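Just below is one structure, and these are the notes that go with it.
The values are calculated or read from the model by the stated rules, or taken from the named source; none is laboratory data. Everything numeric in this text was worked out from a predicted model, so none of it was measured. Neighbour counts are summed over all protein chains in view; Cβ atoms, including those assigned to glycine, are modelled from backbone coordinates with ideal geometry. The area values use the complete protein model at the heavy-atom level, side chains included, leaving out ligands, DNA and RNA. Shrake-Rupley method; radii C 1.70, N 1.55, O 1.52, S 1.80 Å.
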Amino acid sequence: MPRQNQAERLDGAAGAFGAAAAVVLVFNTALAWLKDAWAPLNDGMAALTGHHWITHGLVDLAVFVLCGALLWRRGASFNGQYLLLAVVAAALFGGGGLSLWFLLV
Amino acid sequence: MLSLKPYISDIVLFLHPTFGVLGTMAALWVLVEALNPGVASQHRMRVAAIAVPACFALAWIFGGYWYVNYYYADKALILGGPWPFAHDLFMETKEHLFFIPAMLALYLPVVCARPLMSDRAARRMVVAVAGLIILNSLAIEGAGAVVNHGAKIAMSQVTKQGQE
């Protein structure tokens with residue numbers, strides 16, 4: 001059923017930036033863990049813009065835009081269901097990972 | 001003439017959740033339109049989808065400005081009060097969790113640009129992304145209320161000690 005399969009795919013900007021969103025949600029949590037565990041990184045990020053949180057947001061934004069633009073330019077196409085699962089899983093991992101980290105550490 | 005200068009901190013603080021709530025309501029609007037896609041709803045949904053990142057950007061700017069310039073005083077108060085976890089757990093989580101709906105908000109208009117009546121994959125993605133934005137935003141609003149209460153009861157304690 002090639003027509004159905006085609007309809008289930010996400011390509012173009014919707015696919016590329018969807019994948020970029022999944023990547024940045026995981027990256028955001030990993031960066032929060034890393035800078036909370038390793039003070040020199042936190043201090044370095046604070047020195048860059050005046051506050052670690054400002055740098056964190058700008059880095060997230062840059063990862064999202066660059067990753068999405070790169071995938072878009074390469075003509076990436078994704079299975080819609082898998083990409084949807086990736087975004088939902090990344091959001092659950094991101095939110096749960098942050099809550100548990102600050103609860104336990 | 002009334003000077004706003006002494007109230008700048010409060011105004012900025014109130015603008016942050018105001019735009020957060022407006023962005024959440026716009027995401028709910030997108031979700032409802034995506035559940036019932038049609039020719040007329042496509043335009044409305046795209047307008048709402050642009051309002052979501054616009055509101056989140058403003059919530060980010062106002063919240064960030066207040067957090068960077070004014071929060072240190074509340075933080076010290078909360079950490080010395082009966083609810084230090086209001087900062088250690090709720091504020092620390094909230095300030096990083098915020099980036100999740102913010103990034104998803106940036107993605108929403110991109111996927112809403114697809115014709116949702118014929119593109120099932122895009123429609124499912126819009127529903128999921130709008131739903132995630134709403135759930136995360138509600139959690140962040142709740143965390144903000146806990147931080148606010150942590151500061152309030154710490155201040156009550158200081159006032160009580162002062163009276164004794």
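Which one of these is under 27 Å from B:G64 (Cα atoms) and more than 9 Å from chain B (Cβ to nearest Cβ): A:L71, A:L25, A:L58, A:L31?
That would be A:L58, the only listed residue that is under 27 Å from B:G64 (Cα atoms) and more than 9 Å from chain B (Cβ to nearest Cβ).
Quick grid of which residues meet (1) more than 7 Å from every other protein chain (Cβ to nearest Cβ); (2) open to solvent by less than 40 Å² (accessible area, probe 1.4 Å); (3) of a type in the set (A, V, I, L, M):
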position	(1), (2), (3)
B:I78	yes, yes, yes
B:P82	yes, no, no
B:K94	yes, yes, no
B:A102	yes, yes, yes
B:R123	yes, no, no
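When the residues of region B:43-63 are narrowed to those that are among the small types (G, A, S) and surrounded by fewer than 19 Cβ atoms within 10 Å (Cβ to Cβ), which ends up nearest to B:P115 (Cα to Cα)?
B:A54
Here is a list of conditions, (1) more than 10 Å from chain B (Cβ to nearest Cβ); (2) at pLDDT 95 or above; (3) more than 16 Å from B:A102 (Cβ to Cβ), and A:R3 meets all of them except one; can you say which number that is?
(2)
Which helices (runs of 4 or more DSSP H) sit wholly inside region B:1-94 and have at least 3 residues that are at pLDDT below 95 and over 21 Å from the mean Cα position of the chain (by Cα)? Outline the logic, then answer.
Details: elements: B:8-35, B:39-69, B:71-80.
Where helices (runs of 4 or more DSSP H) fall fully within region B:1-94 and carry at least 3 residues being at pLDDT below 95 and over 21 Å from the mean Cα position of the chain (by Cα), they are B:39-69.
Name every residue in region B:112-147 that is at pLDDT 95 or above and small (G, A, S), in order of residue number.
Those that are at pLDDT 95 or above and small (G, A, S): B:A113, B:A121, B:A122, B:A128, B:A130, B:G131, B:S137, B:A139, B:G142, B:A143, B:G144, B:A145.
From the list A:V65, A:V87, pick out the single residue that is at the interface with chain B (Cβ under 9 Å from one of its Cβ atoms) and open to solvent by 60 Å² or more (accessible area, probe 1.4 Å).
Values: A:V87 fails: open to solvent by 60 Å² or more (accessible area, probe 1.4 Å).
Answer to the selection: A:V65.
Check region A:13-29 and report whether any residue there is within 15 Å of A:A86 (Cβ to Cβ), open to solvent by less than 40 Å² (accessible area, probe 1.4 Å), touching a strand residue (DSSP E or B) at 6+ places or on another chain (Cβ under 7 Å) and not aliphatic (A, V, I, L, M).
Within region A:13-29 (the criterion being within 15 Å of A:A86 (Cβ to Cβ), open to solvent by less than 40 Å² (accessible area, probe 1.4 Å), touching a strand residue (DSSP E or B) at 6+ places or on another chain (Cβ under 7 Å) and not aliphatic (A, V, I, L, M)), the answer is yes, since at least one residue qualifies.
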